[in-house]
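Step one of this worksheet: look at the structure below.
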Amino acid sequence: MTRSGGAAVVRALRDNGVEVVFGIPGTHNLEIYRHLADSPIRHVAPRHEQGAGYAADGYARVTGRPGVCVTTTGPGLTNISTAAATAYGDSIPLLVVSPGVPRGMEGADVGWLHEVKDQSAHMDRLLDRSVRVDSAAEAYQAIAETFARWRVERPRPVHVEVPVDVLDGEWDGETPAAGTYAGPTPDPAALSAAATALSRARNPLLLLGGGARAAAPEAVALAEALDLPVVTTVNGKGIVPESHPLSLGSSLRLPEAWALVENADVLLVVGSELGDSDLWGHELKPTGEVVRVDVDERQLHKNVRATVAVHSDAGNAMRALAAAAPGPAATGARERVAEARGVLREQARSDGGQWEAVNRILADELPPDAVVAGDSAQVSYYGTVHFWSARQPGQFLYPCGYATLGYGLPAAIGAKIAHPDRAVVTLVGDGGFQFTAMELATAAAERLSIPVVVMNNHGYAEIREEMDQRGMSRTGVDFDVVDHAALAKACGGQGVRLGGLDELPAALRTALSTPSPTVIEVPA
C-alpha cells in the first residue's frame, strides 16, 4: 500500500522517541490517524483540543520529554491556542501538528472548510515559531528539526502545519536529517568572574527558575558545595527539595524573599526571567552583584541587569561553578534559612492561611513522589505553592506564566498517562474546574485514578474580592448551579460532596484506590 504524507508525520514522531500523542481526529488529519493506528504510539483523545494541549503540557513537565498534540484545521487549532500559549509562558516543549489549507490556497478566503485567514501566522505570534511545509519530506524534517533544537535551546512550543494535500498525497519515504545544533559554550572569563564573586560572597543567594528544571542534581551539588541558600520561582519548585535545610521554597511573591534577594551580596540567578508572575508586581532592586545564567541569551539582562552574564545551559554552568569555587566564604547559611523560613511561613499565612489545611492534608496523605496539578486559583498560588512541599521538579503542575484556569485536570491526565504508578491529584477551585470539567470523561475512558479535589467557593472568589475592594457591584462572579459529584458520575467517574475538610483524608484514600477519576467537592 502506498504511504501517504501522514506516514511521514508519524515516522518523524517515532524516530524522535514519541510514545504518546494527545489529539482529536477530524476530516483533514485522517491520514495522520491512519498511520498512528499502525504505530506503537499511544493515542489519547481528550474532549476538547484545549484539554489535549494541557495534557501534553503536564506530560512534558513530569517526564522532561516533549508533549505532542495533533489537531485538525481551523477550530481544532484555534481551540488549542490557549494551552499552547500556556506552554510558551513556562518554556515547555510542546509540538502541535495540524493540517493546513492545500498548497496554493493560502489566503484565498474562499470559504473552504475550516479555513482561517492565516492559521500558521496566528500560531507563529503565540509560540516560538510555526512552520508550514510543502512536502511530506519537509514535514518529517520540520519535526526532526524541532526535537534537535529543543535538545540545546530554550524549549518552547512549536507548530508544524502540513497542507491537507500533502497529508493525503504520496510520500516516497524520504527522511531528511535535521541540522546540527550545539548549545552555547559558556565564556571562560564569565565563568571565572562568577566563581570569583561567589568565592568572596558573605551573604550569597541562589535563585532557580524553570530553566534549571533539567539540572536538579547540579543545583543541589552547587548549593551544598558553597552553602548557598536557595529560593525558587514557582516554575522551579522542587529543583532543590523543599525540605532541604538550604531551601527557602518557592516564595518569591513574599516580602521576606524580596528582602533576601535584594540584600544578597551575590545573587546567582539560573534559568529565570525574574518576571512579574513570580514577583507579583514587585520591582527587584538588588544591592549586590548579580550573576545570571541562561540558555537564552536574550534573558540575561531582562528585568534585572546582570553584573556577570553567563550564556549557558543550567547544568553545565552550575557544574563549572561548583568545580571552580574553593568553597563557601560565609558561614551560618542554614541557620539563616531556618530563621527566614519562619518569617516566610507567617507571611504566607497572612493572605493564604485558609488554604494551608487542605494542602497539609495532601502532604500527609500522598506518597513523597506524588504529583499535584492546580489552576491559577487561590488554593494554588496562596496554598500549594507555600504549604505543599515538592521533592523534585515536575511534582507541582501549575500555569505560572500565562495564569490560566482549567489547566489542572487535563494536566493531571497527562501526568498520570506518563506515570501510572505515581499518585496524581488535582486541587482546584470550582470556577476553574468548570473550564475543562468534561475531561473527566477522558480520565474515565483511560481508567485513570485521579482524585479531583474541588474547593467550592461558588464562583470566582478572587475576582469577587477585587470587585468588593473597588466598591463595585458583583457581576458574573457568583454561581452555584453545578453538582460536581453528579457530573463526575455522569462522565463515568466517581463523586462525593464532603461536609468539611475533616472528611478529606478518608475520601482521598478511597479515591487513590479507585480505577477512575473521583471528584471530591469540599466547601471553601
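Potential lengthening of the chain between LYS117 and GLU335 amounts to 72.5 nm, from the contour at 0.36 nm per residue minus the alpha-carbon distance. Calculated FRET efficiency, HIS282 to ALA363, Cβ-Cβ distance, R0 = 25 Å: about 0.35 to the nearest 0.05. Stretched out straight at 0.36 nm per residue, the stretch from GLN354 to GLU153 would grow longer than its current Cα-Cα span by 68.3 nm.
Remark: spin-label model distance ALA182-PHE479 equals 5.5 nm, labels positioned 7 Å along the Cα→Cβ axis.
Loop-located chymotrypsin sites (Phe, Trp or Tyr not before Pro) in segment 114-178 (DSSP state not H, G, I, E or B) with no more than 12 neighbouring Cβ atoms inside 10 Å do not occur. For ASP276, neighbours were defined as the other residues whose beta-carbon sits under 13 Å from its Cβ, and their charges (Lys and Arg +1, Asp and Glu -1) total -1. Each of TRP112, GLY414, GLY342 was placed along the dipole of the chain (beta-carbon charges, centred on the mean Cα), and the one lying farthest toward the positive end is GLY342. Projecting label points 7 angstrom from Cα along Cα→Cβ for VAL343 and ALA108 puts them 6.6 nm apart.
With the simple spin-label model, which puts each label point 7 Å out from Cα in the Cβ direction, the ALA403 to GLU503 separation comes to 3.4 nm.
Quick check on packing: order 196-202, 158-164, 113-119 by the mean number of other C-beta atoms within 10 Å, highest mean leading.
Result, highest mean Cβ count within 10 Å first: 158-164, 196-202, 113-119.
Excluding GLY74 itself, what net charge comes from residues whose Cβ is under 12 Å from its Cβ, given Lys and Arg +1 and Asp and Glu -1? So the environment of GLY74 carries a net charge of -3.
For GLY100, the residues whose modelled amide H falls within less than 5 Å of its own, excluding neighbours fewer than 5 places apart on the same chain, are VAL162, VAL164. Would you please give the FRET efficiency between HIS301 and SER39, computed as 1/(1 + (r/R0)^6) with r the Cβ-Cβ distance and R0 = 41 Å, to the nearest 0.05? Given R0 = 41 Å and the Cβ-Cβ separation, E is 0.35. Full extension of the chain between THR175 and GLU19 yields a length gain of 54.2 nm, computed as 0.36 nm times the residue separation minus the alpha carbon distance.
Sorted on the mean count of surrounding Cβ atoms within 10 Å across their residues, most packed first, peptides 313-320, 272-279, 459-466 read 313-320, 272-279, 459-466.
Using only side-chain charges placed at the Cβ, +1 for Lys and Arg and -1 for Asp and Glu, the dipole size of the chain relative to its Cα centre rounds to 820 debye. Rounded to 0.05, the FRET efficiency of the SER243 and ALA490 pair, given R0 = 35 Å and the Cβ-Cβ distance, is 0.30.
When the pairs LYS237/LYS302; LYS237/LYS416; LYS237/LYS489 are compared against a 27 Å limit on Cα-Cα distance, LYS237/LYS489 fall above it. Projecting the Cα atoms of PRO451, GLY169, ALA330 onto the dipole axis of the chain, where Lys and Arg carry +1 and Asp and Glu carry -1 at the beta carbon, places ALA330 farthest toward the positive end. Please work out the Cα center distance from segment 421-449 to segment 279-340, rounded to the nearest Å. If we compute the Cα centre of each part, the gap is 37 Å.
No value in this document is a laboratory result; all are computed from the given coordinates. Remember, it's a predicted structure, so these values are computed and weren't measured experimentally. Ideal geometry is used to build each Cβ from the backbone, glycine not excepted, and the neighbour counts take in all protein chains shown.
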